[in-house]
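Okay, so here's the structure we're looking at.
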Amino acid sequence: MLSKWLTTVEENGVRVETVIEKTELVEGDVLNGSVYITPLTEDEEDKIDYISLKVLCEQANGELTVIGKHSFEVVGSIRSKDAEIMPFEIMPDERWVCGVDERLIFQTTVIFLDGTEVEEVGYISYDTE
């Protein structure tokens, strides 16, 4: 099943939207998508230090383990109208196979120059069959 997924973070005059092209992955797939940065007022995108994308495995006891990550600074990205677009790809590996009581979390964290961190999470799946 193909299912797009979107998270939105609005803070410090900036909207950051993360779009994942496919949330239900199977062996051989790549987790890919784009991050869109839209200033809500002039020159606000300069307030972002960097953006971190993580894939976490949540165990039954609530413990989180980082199993995939990607981060980037906001410089020299593709532009479309008022938004900057930053495509990303994260390659799954054997750590993405979850046990019965575990689940995969995709986390977007926006770190601003003033030290503020805002995060948004959603769930994805990975199957080897």
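Return the total of residues in the range 6-41 being under 12 Å from T108 (Cα atoms), at pLDDT below 90 and surrounded by 16 or more Cβ atoms within 10 Å (Cβ to Cβ).
The qualifying residues number 2.
I'd like the full set of residues that are modelled with pLDDT under 90 and not aliphatic (A, V, I, L, M), limited to the range 63-76. Show your work before the answer.
We begin by selecting, within the range 63-76, every residue modelled with pLDDT under 90; these are 72-76.
Across the range 63-76, the qualifying residues are F72, E73, G76.
Inside the range 100-129, can you point out the residues that are in contact (Cβ under 8 Å) with a residue 24 or more places away in the chain and out of contact with any Ser or Thr (no Cβ under 9 Å at 6 or more places or on another chain)?
Restricting attention to the range 100-129, the residues satisfying the condition of being in contact (Cβ under 8 Å) with a residue 24 or more places away in the chain are 101-114, 116, 118-129.
The answer is D101, E102, I105, F112, L113, D114, T116, Y126, D127, T128, E129.
So which of F88, F72 is aromatic (F, W, Y), surrounded by 12 or more Cβ atoms within 10 Å (Cβ to Cβ) and free of Cβ contacts under 8 Å to residues at least 40 places away in the same chain?
On the way: F88 fails: free of Cβ contacts under 8 Å to residues at least 40 places away in the same chain.
That would be F72, the only listed residue that is aromatic (F, W, Y), surrounded by 12 or more Cβ atoms within 10 Å (Cβ to Cβ) and free of Cβ contacts under 8 Å to residues at least 40 places away in the same chain.
Quick check on the range 86-104: of everything there that is under 13 Å from the mean Cα position of the chain (by Cα) and within 15 Å of G33 (Cα to Cα), which residue is modelled with the lowest pLDDT?
Filtering the range 86-104 down to residues under 13 Å from the mean Cα position of the chain (by Cα) leaves 86-90, 104.
Still in the running and within 15 Å of G33 (Cα to Cα): 86-90.
Working: M86: 90, P87: 93, F88: 94, E89: 95, I90: 95.
This residue is M86.
The values are calculated or read from the model by the stated rules, or taken from the named source; none is laboratory data. Given the structure is predicted, the values throughout are model-derived calculations rather than measurements. Virtual Cβ from ideal backbone geometry, glycine too; neighbours counted across all protein chains shown.
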